Structures are given as structure tokens and as C-alpha cells.
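The values are calculated or read from the model by the stated rules, or taken from the named source; none is laboratory data. Quick caveat, the model's predicted, so the values are computed rather than measured. A quick note on method: Cβ atoms are made from the backbone with ideal geometry, for glycine too, and the neighbour counts reach across all protein chains shown.
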Amino acid sequence: MKRALLAFALCVGSLPAPASAADSPSDLERAKDSFKAGATAYAAGDYLAAIQALDAAYQLEPLPAIAFSLGQAHRRQYFVDHEPEHLDRSIALFRQYVELAPSGSRRADALDALSQLEPLAAARPRAASPAASSADTSRATRVLITSDAPGAELVLDGAPATPSPLIREVEPGKHRVRVAAPGFYPSERELNALPGELTLIPVPLRERPSTLGIWTSADADIYIDGAYLSQGGDAVMVRLASGKHRLAVGQKGRMVALRDVTLLRGRTQNIRVTLEQTPQRIASQFMFAAGGLSLGASLVLSGFAIRAEGDAEQFLRRQQDRNVSPAELTSYETSINERDRFRLFTGVSLAASAGFFITGLFLHELDQPDPQLLYRTGPRPGAEPPPPPAAPKARVQVAPIFYASGLGAMLGGSF
């Protein structure tokens, strides 16, 4: 027996058929909805519900693609309950598909199914009259309620919660369903079950926002996904959609901090960002310190120059009152030389101090965060790419069945 779930992707080009009253927009939408409901029921393993929905689509538009899908559903149901009408119907549908779509992409699958089913039909003893119980069961009133929210639970008319999809036989008329899922706002709505039909009710849920709490320096600027958010501080709270986001925090004189944050639906995540000084800011501080030392050295040197100047003035006053000795004259000349030397060193030290201060000031004022890092929205260099999303259990795509000028189909599902 082949695998239970076959990949199904059929593309039937435009078929020359005149437009008729049956090709109305309402019939088109009903056919698409019925096919989608049948695909969902088939993927959930409820083949009777799938037969009911696909048969409704086939009655509206007897396309080979729908015939193949309906044959698959009857085939699977036969191996569940061994009712002969499902076997006969499956064989008839597969034969019809082979005849109507000689170049169809599922022709080999249809022929393989016929090679399996026709011997079973030939070996089956003929009953006096065909049973109708299964056919009646397939035409029961059913609802198929789905929700795309992960972990969704559905409650129909107060019954116990059921994971999506919910397929149930109900009485015709009004019913009430409530859908809830972690990280989503619950939804409650009323539905109308039509007699003898499978009614598809998709219930979308609105996602709860996620909250990101940021603790950082009050002078910092916060960017989310490349867009400016606000100034920093303690407990800066921002609401974001769930998923992966990029947080960038920049401050003058600090290295830009980048964080890739993955937020869960309806959850709060807190993050503390500590910014490190840039090499340029460290260099500016060194320049300010060197300028201060140079300024202090110039003050000390100027003090020595003033003292040497005072010694020289004392010699000149003594010289006016009396004769001076050769030793005193030598001392005077030494004081003059020291004064000139200390004045020179003081000037050099002051110039160096000014150079250090000016260089440090330029380094300090020009030390701005890199805008390419703040406004970049891609992953950080060297960061591992996020894992691919998990494949859904069932995926159904229904494209328009009609073109403007005639009949055509493109139906996609997991059959």
C-alpha cells in the first residue's frame, strides 16, 4: 500500500467550455471552499468528511484534478470500513481521471491505484443490493473549524476543547465556537451548519504583542530593527511583534551594542545592555591626562624660573650697594642661565599641554556611534542564521478555477 499522504499538485490549462449560469462567482467560491475543506479533512484523516466536501466541489466543477482527489478519499475510506461503494466509486473516479487527463501529472498514481483496486472489486462477492449506509453518512451535516494559530484549541457548543482542525457531525442550524491559543487573543463566533453539507469555518486569531524591556545608560539611544526608538534608561518598555528583532544601542564615546532578540508571542523579555568605551574615547582621556600633566609641569618649571629670576635681582641690588666678589658674579650668571632654561621648558610644556588638550577635545567630540551599525537590520556578522520554520502539517492552496474567457483550474493540496 502506498503512503497515506501523496503529494498533489495539478495544473489543468484552460479547457474550452462556454460560460454558463453554473459558472457564477458564487459557485466558484463554493467550489474553492469545498475543495479546501476536503483537503483539510483528508490531511486530518477524516475521509468521510473529505468525500463530502470534495464531492460538493466536484458537483460544481467536474475537473479531473478534483476527480483524482475524490478518488483518493474514497480509496482511503474503503481501507477503513471496507464498504463496497467506496471501492466502486474510487475505481470509477480514477478511470475518469485517466480518460480526461491522459497527460496528467498523477496519471501514473491513478493507474497504480487501479491496479490495486480492480482485483479487489473482481474478487468481491456480488451483493443482492448495494448498501447505502456509508453514502448517507458522507452526506451528514458536518462542520470543519480550523485556525492557523499554533496550539489552537477549539470549543464547539461548550464541548471539551479539541486541537485544530475540528471536524464534527452536528445538527443543522446555529452553533457557537470559541478558539484560543497561547500568545493570541481568543475569538468567539457563531456559525450556521447547512443540512447535508460540510461547512468550513476558518477562525483567524489576532496575535498578542510581545514586550521588550531594555535597561541601559540614560544617555544612550535605542534602535529597533534599524529605526530610532527612544533614549535609554531603566525599564524602557516597547511592544513588538513576536519573532526575531535587532536591538542596537549607541552612545557617544561608547561602542555600539548589537543584540539579536527573539520574542515569544504575548511574553515579556528583559535585557540589560552595558556599553564599553571606544578606543577613541580612551585615547581622548589619555590626551586630557597628558595635557594636565604637561600643564602641571609648566607651573613647576615657571616656579623655578621665577626663583632664578629672584636670585638674579638680589645680586643686582647688592651690586648697587657694594662691590661683589667673583663668586657672586658667577652665581648671578648661573641664575640667569637657569631662568632662561626654565622659561624655555615652561613654554614647551605649555605648548605640549595645549596640543594634548586640543587633540583630546577633537577625539572626544568626534567620537560618535557608527550609523551603519545603528541602522543596519540584517544579522550581526558571524551570527548563526535562524533555524527554518517547521513545516506545517497540512498546507492547502487554491488558485482561481476560472479564467475570464473560459474554464481553467489550478488546485494545490496535500493529497
Can you tell me how many residues within the range 309-344 are over 30 Å from residue 294 (Cβ atoms) and part of a helix (DSSP H, G or I)? 15
Take the range 58-108 and flag every residue that is buried (at least 17 other Cβ atoms within 10 Å of the Cβ) and touching a strand residue (DSSP E or B) at 6+ places or on another chain (Cβ under 9 Å). 61, 63, 64, 65, 66, 68, 69, 72, 101, 104, 106
What is the number of the single condition among (1) within 17 Å of the chain's Cα centre (by Cα); (2) of a type in the set (A, V, I, L, M); (3) assigned to a loop (DSSP other than H, G, I, E, B) that residue 247 does not meet? (3)
Could you pull out the residue among 177, 261, 236 that is buried (at least 16 other Cβ atoms within 10 Å of the Cβ), within 30 Å of residue 35 (Cβ to Cβ) and free of Cβ contacts under 8 Å to residues at least 60 places away in the same chain? 177
Residue, farthest from residue 194 (Cα to Cα), within the range 114-139, restricted to residues that are surrounded by 13 or more Cβ atoms within 10 Å (Cβ to Cβ) and at pLDDT below 85: 134
Criterion: modelled with pLDDT under 90, among the basic types (Lys, Arg) and outside the structural domain of residue 152 (by TED's automatic domain parsing) - qualifying residue of 246, 322: 322
So for the range 201-214 (the condition being exposed (fewer than 13 other Cβ atoms within 10 Å of the Cβ), without any contact (Cβ under 8 Å) to a residue 60 or more places away in the chain and within 27 Å of residue 367 (Cβ to Cβ)), does at least one residue qualify? no
Residue under evaluation residue 358, criteria (1) surrounded by 13 or more Cβ atoms within 10 Å (Cβ to Cβ); (2) at pLDDT 85 or above; (3) farther than 30 Å from residue 216 by Cβ; (4) out of contact with any Gly (no Cβ under 6 Å at 6 or more places or on another chain), criterion not met: (1)
What single numbered condition from (1) within 30 Å of residue 154 (Cα to Cα); (2) modelled with pLDDT of 90 or more; (3) of a type in the set (Lys, Arg); (4) in contact with a Pro (Cβ under 9 Å, 6 or more places away or on another chain) fails to hold for residue 265? (2)
If you go through the range 285-298 one residue at a time, do you hit one that is surrounded by 13 or more Cβ atoms within 10 Å (Cβ to Cβ), in contact (Cβ under 8 Å) with a residue 60 or more places away in the chain, in a helix (DSSP H, G or I) and of a type in the set (Phe, Trp, Tyr)? yes
Here the residues within the range 193-238 that are in a loop (DSSP other than H, G, I, E, B) and within 26 Å of the chain's Cα centre (by Cα) are 203, 204, 205, 208, 209, 216, 225, 226, 232, 235
